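Notes follow once the structure below has been shown.
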Amino acid sequence: MLIEVRWHGRGGQGVVTSSELLARAALLEGFHVYHAPEFGPERRGAPVRAYTRISDEIIEQHFGIYEPDVVVVIDPTLQSETEMILTGLKEGGKLILNAVKPLESVVEKVKEKKVKLYVVDAYKIAMDVFGRPFYNTPMLGAFTKVTGLIKLESVLKAMEERFSGEILEKNKFAAKRAYDEVEEYVLP
Amino acid sequence: MRGRLIGLNGDTAVAYAVKQADVDVIAAYPITPQTIIVEKLSEFVNNGELNAAFVPVESEHSALSASVGAALTGARVFTATASQGLALMYEILWIASSLRATVVMALGNRAFSAPINIHCSHDDAYAARDTGWIEFFAENVQEAYDLTLQAFKVSEDKQVLLPSIVNLDGFILTHSLEGLYVLDDKDVREFLPPKEPVYPVDPEHPVTYGPLDLYDYYIEHKRQQAEAMRNSYSTILKVFEEYSEFTGRKYEPIKTYGIEDAEVAIAILGSSAGTARYVARKLRKEGKKVGVISFTLYRPFPASELRKLTRGLKALAVMDRSYSFGSPGAQLFMDIAATLFNEKERPLLFNIIYGLGGRDLKPEHVEYVFDKAFEVAETGETPESEIWIGVRE
């Protein structure tokens, strides 16, 4: 088993943290992991990616991920970059968006590529919980539900290693809420 | 497997090993992609987890100068750098090894400027190859951790007394998280007891280091240094063996895959070795007899081991993540060509240039190299010059 994940977001949104927390959670469940942030000049607001590789076998390969099984788009405005976010996503793969509703262009492309689309309003969750647009842990919660790859408890445990106090509690709450609220988008 | 499984990136794993090695002095200047190592170590010192002197120097030249001085007083010393930082240390690299200063350095491999690039090439690792430092290459985060601990043991051994570099590919390992087993502090102390100084600089018992040494004795001293480097090999084997037994993680100067019956093989350094093996496993399933040779130890170069391993091979593709301008071949290629030239039974060699400045080495690139190797083996003809792969024409 090998699952490859690509995360999209913008600088400052915790894209790298989501990927890292996923890797740590998978590690807690005994999987082999590789988490790699994509580095260029670090600019707040610029599109950023991160990659997670999870396997039940040793991961020897150190090349980039070009054909992910899952793409998670943390930033709600990035769905307009339809080409970019869907590049290489495998047939039967999963696209998870932070959105109230997917754009027309995304829906069309999703049909064409025969992938599954999932939507969660992580913006609303973030504003309710943090009062600020922190989407990364909710989107990790959504990922956990959609893929069923690892347990939510493991994700929450990985968060405990990273955060503490009120921040931890809020992140856990936001992740759980997105876990409950994410839904498959039924294509029209 | 001895130790506790945790997730760390390569830089943090190195810093953790350095903390457990209980170093006395750290003198380093931050430079991408090694910065996290220096940051973590300064944190460890600041919060009292590590009782060491952290010297925040103003340049890499000073970082290594301070490290050499500290090592000669008998301290256990660590520094880290990358790319331009190593270039700035160059003068002191030779002095460190020639004064037998047992500094351990992590090198987050990064391309030399210009143009400015922060990603992986092996330019810096190769720039140090002639300087009298022992050089190790980590393939993954676990090895970056393990080799850092072993480097102290090797360097400080009284039969060796030479500085060591642990190479880890910039970003691919320095900034990427993998699972690894870390030892308990107690186990590290057992494997790596405190350094026992040899002829330390001490005001009560004055000694002279680095005096003028002209044509009367210089060549004898260089000859001794050459012997020291050559002799370090047996200590390295001993330390590898001891560590393998201690941890259950096997360390050898050269790692191989499929070499026993391979017709063609790739020779490679660093994190791409795993990618090469990943492809080789796939090709093996298709019945192709391919192999991979990767070097955990680069200096001293494990020449006699390599001669034994390459005996049955028809063609060997030597892959360099650097380029030696105007040279008959890049650096690893020349090492291997020189090693095998006098062998009666030896493979045909050709040189591949890949991955400069972080350009990704993809499985299809590796497949191309194996195909090329079969072509060379069948036709008996080698390419006139090196082949660049993954390059837009």
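The values are calculated or read from the model by the stated rules, or taken from the named source; none is laboratory data. As the structure is a computational prediction, the values presented were derived from the model and not from experiment. Positions of Cβ are generated from backbone atoms using ideal geometry, with glycine treated the same way; all protein chains shown enter the neighbour counts. Heads up: the accessible areas ignore ligands, DNA and RNA and are worked out on the full protein's heavy atoms, side chains in. Shrake-Rupley method; radii C 1.70, N 1.55, O 1.52, S 1.80 Å.
Quick rundown of the values:
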item	result
Length added when fully stretched, A:GLU161-A:LEU2, from 0.36 nm per residue minus Cα-Cα	54.7 nm
Gain in span if fully extended, B:ASP130 to B:GLU367, counting 0.36 nm per residue against the direct Cα distance	82.1 nm
Residue of B:VAL77, B:VAL201, B:VAL103 that the Gaussian network model of chain B assigns the largest fluctuation, springs spanning Cα pairs under 10 Å	B:VAL201
Two-site FRET efficiency, B:ALA338 against A:ALA46, from Cβ-Cβ distance with R₀ of 41 Å, rounded to 0.05	0.30
At R0 = 35 Å, FRET efficiency that the Cβ-Cβ distance of B:ALA303 and B:GLU378 yields, to 0.05	0.80
Kyte-Doolittle at least -0.5, axis length at least 18 Å by Cα - qualifying DSSP helices, chain A	A:15-28
Positive minus negative residues near A:VAL70 (Lys, Arg vs Asp, Glu; Cβ under 10 Å)	+2
Exposure of A:LYS116 as accessible area (Å², to 10), given a probe of 1.4 Å and all protein chains	100 Å²
Pairs from B:LYS186/B:LYS250; A:LYS101/A:LYS157; A:LYS101/A:LYS145; A:LYS114/B:LYS285 whose Cα-Cα separation, in the structure shown, is over 27 Å	A:LYS101/A:LYS157; A:LYS114/B:LYS285
Shielded by partner chains, segment B:1-33 residues - at least 20 Å² of accessible area, 1.4 Å probe, vs chain alone	B:LEU5, B:GLY7
5 Å binning of all Cα-Cα separations within segment A:2-183, expressed as whole percents from 0 upward	1, 9, 18, 23, 22, 16, 8, 2, 0, 0
Integer Hz, Karplus 6.51/-1.76/1.60 couplings in order for segment B:345-351, x for Gly and Pro	10, 8, x, 6, 10, 9, 10
Environment charge at B:PRO300 (Cβ cut-off 10 Å; Lys +1, Arg +1, Asp -1, Glu -1)	+1
Net length gained if the chain between B:TYR199 and B:LEU212 were fully extended (0.36 nm per residue, minus Cα distance)	2.8 nm
At least 30 Å² of accessible area lost relative to the chain alone, listed for segment A:3-28 with a 1.4 Å probe	A:ARG24, A:LEU27
GNM top mover of B:ALA15, B:ALA262, B:ALA317 - chain B, alpha-carbon springs below 10 Å	B:ALA262
Distance between segment B:114-176 and segment A:126-188 - C-alpha centres, whole angstrom	39 Å
Between 0 and 90°, nearest 10: helix B:83-98 axis offset from chain B longest Cα axis	70 degrees
Interface size A-B, as summed buried accessible area [1.4 Å probe, Å², nearest 100]	1700 Å²
Carbon plus sulfur fraction of accessible area for chain B, probe 1.4 Å, in percent	51 percent
Mean accessible surface per residue for chain A, computed with a 1.4 Å probe while every protein chain stays in place, in Å²	45 Å²
Apportionment of accessible area to carbon and sulfur, chain A, percent (1.4 Å)	50 percent
Calculated FRET value between A:GLU91 and A:ILE58, using beta carbons and R₀ = 30 Å, to 0.05	0.65
Solvent-accessible area lost in complex, 10 Å² minimum, residues of segment B:137-158 relative to chain alone, 1.4 Å	B:GLU139
Solvent exposure of segment B:1-102 as accessible area per residue, Å², 1.4 Å probe	36 Å²
Mean ellipticity per residue at 222 nm, deg cm²/dmol - from DSSP H runs of n ≥ 4 across chain A, formula -39500 (n - 2.57)	-12500 deg cm²/dmol
Neighbour-limited loop hits for GluC sites (Glu not before Pro), segment B:56-123 (at most 14 other Cβ within 10 Å; DSSP other than H, G, I, E, B)	B:GLU58
Per-q log10 I(q)/I(0), chain B, q = 0.06, 0.10 Å⁻¹ (Debye; single scatterer per alpha-carbon; no solvent)	-0.23, -0.63
Between segment B:234-299 and segment B:1-76, the alpha-carbon center distance in angstrom	29 Å
Most fluctuating residue given options B:THR208, B:THR247, B:THR339, as computed from a GNM of chain B linking Cα atoms under 10 Å	B:THR208
With all protein chains modelled, accessible area of A:PHE31 [1.4 Å, Å²]	40 Å²
P(r), alpha carbons of the protein assembly as shown - 20 Å bins starting at zero, rounded %	20, 50, 27, 3, 0
Bins of 10 Å from zero: percent of alpha-carbon pairs in segment B:254-388	13, 49, 35, 3
Per-residue ³J(HN,Hα) for segment B:38-43, Karplus 6.51 cos²θ - 1.76 cosθ + 1.60, θ = phi - 60°, Hz, x for Gly and Pro	5, 4, 4, 5, 5, 5
